[in-house]
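The values are calculated or read from the model by the stated rules, or taken from the named source; none is laboratory data. Quick caveat, the model's predicted, so the values are computed rather than measured. We work out accessible area using only protein heavy atoms, side chains counted, and drop any ligands, DNA or RNA first. Shrake-Rupley method; radii C 1.70, N 1.55, O 1.52, S 1.80 Å.
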Amino acid sequence: MKCFAKIEDDIVVECIVASQDWVDLNKQGEWIEYDSQKADGRINIASPNYIYDRDRNDFIIPKPNSNEDPFFDPEVGYVFEEESLAWVNPNWP
């Protein structure tokens, strides 16, 4: 069994575990295979609402909602961290 992420407009909308044959026969649209243990060299695994970056062939964690972050500073904002392909709050303790 393999892990697959359905991509619509570069956004992950669904993640499943299935065989390649089953996906080929039963699923429509664009499906990207990924390794849930990150052995495929990607930094992140797929998850719904993650962004699929075609140039990096990796999944980017979406930018957080500042309303839900008690440490958010609007003067600093969030910073994109290349090493983790994630948005981080530089004020996080």
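In whole percent, and with a 1.4 Å probe on the protein chains, what portion of the accessible area of the chain is carbon and sulfur? Here it works out to 48 percent. Quick one: 3J(HN,Hα) in Hz for region 40-48, Karplus 6.51/-1.76/1.60 with θ = phi - 60°, rounded, Gly and Pro as x. Whole-Hz 3J(HN,Hα) from phi for region 40-48: 7, x, 6, 7, 10, 8, 6, 7, x.
Projected onto their three principal axes, the Cα atoms of region 53-93 cover extents of 32, 17, 16 Å, largest first.
Helical runs (DSSP H, four residues minimum) scored at -39500 (n - 2.57) apiece and divided by the length of the chain put the mean residue ellipticity at 222 nm at -2000 deg cm²/dmol. Projected over every direction and averaged, the convex hull enclosing the alpha-carbon atoms of region 1-60 yields 3.8 nm².
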